[in-house]
Amino acid sequence: MISANTKTTESASAPFELPPRRVILLGASNLTRGIATVVDACHRLWGGPLDLLAALGHGRSYGATSRVLGRRLPGILQCGIWSAARARPQAPTAALVTDIGNDLLYESSVDTIARWVTQSLDELLALDARIVMTRLPIGNIEGLAEWKFRMLRRVMFPKGRLPLSAIAERARELDARLVEAATARRIQMVELTPEWYGFDPIHIKPSCWPTAWHEILRRWSDAEDAPTPARGGWDLRRWLYLLSLAPEQRSFLGKERHCQQPCGKLSEGTVVSYY
């Protein structure tokens, strides 16, 4: 039987010299699923190589511990990404804040979620980051059939009990609160295009990853002639490699695991840290 106090330490394969430009990515399943495409867009739009710090993971919450299929991760606000970023040398920094809707399905209050996200924004602003934040996919939620919502909730958020009407109402309120917070902080917000989604109203279709992530992240640049999206499919080998990297802290089936960061390096010199 695995003890809840059992800890395993995983070491990164080698020490890494940090590149002079930085990207901070905050999100959950969309960010995780599309991570290779996101990294490619980061290189195109912010330059490279990059010191890339990411707090991601399926079902990730901005302020509470999340559990998915036996794996547990701390909330984004509670993870080590903030202390790691503050400890690094100053560098030009861009940041992405996305996948905010999970906490609605965990049934956290709008006030609580808005506080978690604005605290994250303020942490990023203290790092002098250029921030892009995605809006909630309100149209997807409001146009969702009740039977499909119940099916998706049963699979992805089995403890959820709120009806679709309550989730939609909270999503509208939260989106308005986040628009207000972003406007006050002069943060770029991006609306999510309905055509990026298919049967699943939560996750961007893989076929749309290059277009979607380019459209979202191009707001980091003021240039009108920003690079175009990558053509063709995404790099399977890089995608598998990025998914194989371990975060600083997680647990699986009650067994705590810790991994020294940075945890990976890409061929062009980008150094990867997961939290």
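The values are calculated or read from the model by the stated rules, or taken from the named source; none is laboratory data. Note that the structure is predicted; figures quoted are calculated from it, not measured. Heads up, the Cβs are rebuilt from the backbone with ideal geometry, glycines too, and the neighbour counts pull from every protein chain shown. These accessible areas exclude ligands, DNA and RNA; they are computed on the full protein's heavy atoms, side chains included. Shrake-Rupley method; radii C 1.70, N 1.55, O 1.52, S 1.80 Å.
The combined condition, being open to solvent by 30 Å² or more (accessible area, probe 1.4 Å), assigned to a strand (DSSP E or B) and not aliphatic (A, V, I, L, M), is fulfilled by ARG130. Yes or no: TRP82 of a type outside the set (Lys, Arg), in contact with a Phe, Trp or Tyr (Cβ under 6 Å, 6 or more places away or on another chain) and either more than 25 Å from ALA171 (Cβ to Cβ) or open to solvent by 10 Å² or more (accessible area, probe 1.4 Å) (or both)? Here the answer is no, as TRP82 does not meet what is asked.
Filtering the stretch 15-44 to residues that are part of a loop (DSSP other than H, G, I, E, B) and not aliphatic (A, V, I, L, M) leaves PRO15, PHE16, GLU17, PRO19, PRO20, GLY27, GLY34.
Among the residues of the stretch 151-161, not one is in contact with a Pro (Cβ under 9 Å, 6 or more places away or on another chain) and loosely packed, with under 13 Cβ neighbours inside 10 Å. Looking across THR32, THR65, one residue alone is out of contact with any His (no Cβ under 8 Å at 6 or more places or on another chain), of a type in the set (Ser, Thr, Tyr) and open to solvent by 10 Å² or more (accessible area, probe 1.4 Å). It is THR65.
Give the number of residues within the stretch 200-213 that are open to solvent by 20 Å² or more (accessible area, probe 1.4 Å) and touching a residue at least 40 places away in the same chain (Cβ under 8 Å). The total comes to 5.
Take ARG135 and decide whether it is surrounded by 14 or more Cβ atoms within 10 Å (Cβ to Cβ) and under 17 Å from the mean Cα position of the chain (by Cα). Criteria met by ARG135.
When SER108 is tested against (1) over 17 Å from the mean Cα position of the chain (by Cα); (2) surrounded by fewer than 19 Cβ atoms within 10 Å (Cβ to Cβ), exactly one condition is not met: (2). For first residues located in the stretch 162-177 and assigned to a loop (DSSP other than H, G, I, E, B), partners that are open to solvent by less than 80 Å² (accessible area, probe 1.4 Å) and lie 6+ apart or on another chain with Cβ distances below 6 Å form the pairs LEU162/GLU107.
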